[in-house]
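The values are calculated or read from the model by the stated rules, or taken from the named source; none is laboratory data. Computed from a predicted structure; not experimentally measured. Methodologically, a virtual Cβ is constructed for each residue, glycine included, from the backbone with ideal geometry; neighbour enumeration extends over all protein chains shown. To get the accessible areas, we keep the full protein, side chains included, count just its heavy atoms, and leave off ligands, DNA and RNA. Shrake-Rupley method; radii C 1.70, N 1.55, O 1.52, S 1.80 Å.
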Amino acid sequence: GGVEDVYGEDRATEEQFVTPWSFSVASGHSLLRDPRHNKGLAFSEAERDAHYLRGLLPPAIVSQEHQEKKIMHNLRQYTVPLQRYIAMMDLQERNERLFYKLLIDNVEELLPVVYTPVVGEACQKYGSIYRRPQGLYISLKDKGKVLEVLKNWPERSIQVIVVTDGERILGLGDLGCQGMGIPVGKLSLYTALGGVRPSACLPITIDVGTNNQTLLDDEYYIGLKQRRATGEEYHELLQEFMNAVKQNYGEKVLVQFEDFANHNAFDLLAKYSKSHLVFNDDIQGTASVVLAGLLAALKVIGGGLADQTYLFLGAGEAGTGIAELIALEMSKHTDLPLDDCRKKIWLVDSKGLLVESRKESLQHFKKPFAHEHEPLTTLLEAVQSLKPTVLIGTSGVGKTFTQEVVEAMASFNEKPVIFSLSNPTSHSECTAEEAYTWTKGTAVFASGSPFDPVEYEGKTYVPGQSNNAYVFPGFGLGVVISGAIRVHDDMLLAASEALAEQVSQENFDKGLIFPPFTNIRKISANIAA
């Protein structure tokens, strides 16, 4: 009888459940096997005595700076990028502090290794380079037991989860269970660039099968060998997962959806953004970074957001996400209704310009951007007809900003803004060199993948990289610190404005509209604040 113990006060003094294999003090041999506390030869004489390490290590004592120098030297010897990736992952499993120290001090050199583009190749070959499991794998086999699976993870206080189902990894398509490289890479950036504790990060891959025939036939494939589950079966597993996450880690854990296919990405974000703290980097993160680039570009070309005409090539997750955020920011600063702001933004998809007459056949996320206009089928016609001041490419198809298109942009704009955002480099709509050459050096250019500086008629132009890594680490940190329980659009706008403010006059003089990556920790701290 009695009153039900709703808040667990009566049970608070009882023994709490502890995973039976956890132990409190690592020392001696086990300390050297524990990546979180292992410092290798950097243990001092006193530490070697206190932790029973005498004789287990060679007598030399080497500082962390010295270790860093040695490993960077070794990494630079590798000619194959994938070998660098494997070496970095080995280091992360051996000596976590050194791994993050390396990443923080050499961010511009190592970011492409632990993240795009090299992480894409790593995912494609994940089965054959797989050594020790990183993160949690939740598959259809675990249906009904997802909470138990979460409890198997040794850490209790998780702040950020990055989850993927591997259906649309970068521009590489369906990689199934091998998509795990993405959440692992993203979370190492949360720590290195945003300062979130590594133990508070949890990478998860949800394996519902794969439609990639090559993987199904591959004897080394590490996931379920079956076609992808869809419809009810899929959504039930995700529903169970989201509920288990909330039950196990509470209301304030940030769940970042990563590399889900278009149709699921929008549905999941719409469904769970009202009940969970969720964030989709492909839709919201990309949009926030691009908006920051535009706000910075306005300082170069003059005028406000509402004075421009925008034309997008590509109307998927990224394109519509960016368009919507531009409209929100415009409406915030001009008091125009959101619908009027959307009318300044035009999108071209694979079938041509989104117009009113096509509305019936469009997917729901494209509908708000279908305006009154005659139907046009090509990008060039759209550019000539609408005369946009800003051209943004999110199509995933390379070489689509042709010379005619770029020259047309330059013909009616003093400083045309051209963003070719598709990854990797081979899929970029145009290269930095093409943009500067075809516009005779007048373009304000940014790309999704890094390009080298371009020399044109004696002047050096440095193209900006619109990289999500500018926003999501600081964004995640801010969400976690503030104790927010939902993600709101205002937060994304604040992140964009904070990032745009970090661009200094000397950056503008070089043609950069994003700040250099070397001070990314400071940038992240400002975004979080």
Answer with yes or no whether L291 is crowded, with 24+ Cβ neighbours inside 10 Å, assigned by the TED database to the domain that holds F369, more than 23 Å from L512 (Cβ to Cβ) and among the aliphatic types (A, V, I, L, M).
no
Examine region 160-182 for a residue that is of a type outside the set (A, V, I, L, M), under 25 Å from M72 (Cα atoms) and not in a loop (DSSP other than H, G, I, E, B), and state whether such a residue exists.
yes
Tabulated pairs, region 320-348, first at negative phi, second of a type in the set (V, I, T) and surrounded by fewer than 22 Cβ atoms within 10 Å (Cβ to Cβ), C-beta under 6 angstrom, 6+ apart or interchain:
K344/T309
Given (1) surrounded by 24 or more Cβ atoms within 10 Å (Cβ to Cβ); (2) of a type outside the set (A, V, I, L, M, F, W, C); (3) free of Cβ contacts under 8 Å to residues at least 40 places away in the same chain, where does G181 come up short, assuming only one miss?
(3)
Could you check region 390-436 and list, in sequence order, the residues that are touching a strand residue (DSSP E or B) at 6+ places or on another chain (Cβ under 6 Å), of a type in the set (V, I, T) and within 28 Å of G458 (Cβ to Cβ)?
V390, V417, I418
Could you go through region 185-196 and let me know if any residue there is assigned to a loop (DSSP other than H, G, I, E, B) and closer than 20 Å to S139 by Cβ.
no
When you check V278 against the structure, is it closer than 21 Å to S385 by Cβ, in contact (Cβ under 8 Å) with a residue 24 or more places away in the chain and either touching a helix residue (DSSP H, G or I) at 6+ places or on another chain (Cβ under 6 Å) or of a type in the set (G, A, S) (or both), yes or no?
no
Are there helices (runs of 4 or more DSSP H) fully within region 343-442 with at least 1 residues that are of a type in the set (F, W, Y)? List them.
403-412, 432-438
Do we find a residue being in the same structural domain as W153 (by the TED database), in contact (Cβ under 8 Å) with a residue 12 or more places away in the chain, open to solvent by less than 40 Å² (accessible area, probe 1.4 Å) and under 16 Å from S139 (Cα atoms) anywhere in region 255-269?
yes
Every listed condition ((1) closer than 24 Å to S411 by Cα; (2) touching a strand residue (DSSP E or B) at 6+ places or on another chain (Cβ under 9 Å)) holds for N280 save (1)
Has region 491-508 got at least one residue that is without any contact (Cβ under 8 Å) to a residue 12 or more places away in the chain and closer than 22 Å to T389 by Cβ?
yes
Residue check, R227 surrounded by fewer than 18 Cβ atoms within 10 Å (Cβ to Cβ) and either within 23 Å of the chain's Cα centre (by Cα) or under 30 Å from R521 (Cβ atoms) (or both)
no
Search region 46-64 for residues that are open to solvent by less than 70 Å² (accessible area, probe 1.4 Å) and pair each with any residue that is not aliphatic (A, V, I, L, M) when their beta-carbon atoms are under 6 Å apart and the residues are at least 6 apart or on different chains.
R48/R54; H51/S27; L53/F43
Filtering region 387-432 down to residues that are open to solvent by 20 Å² or more (accessible area, probe 1.4 Å), within 21 Å of P453 (Cα to Cα) and without any contact (Cβ under 8 Å) to a residue 60 or more places away in the chain yields G398, K399, T402, Q403, E407, A410, S426, T431
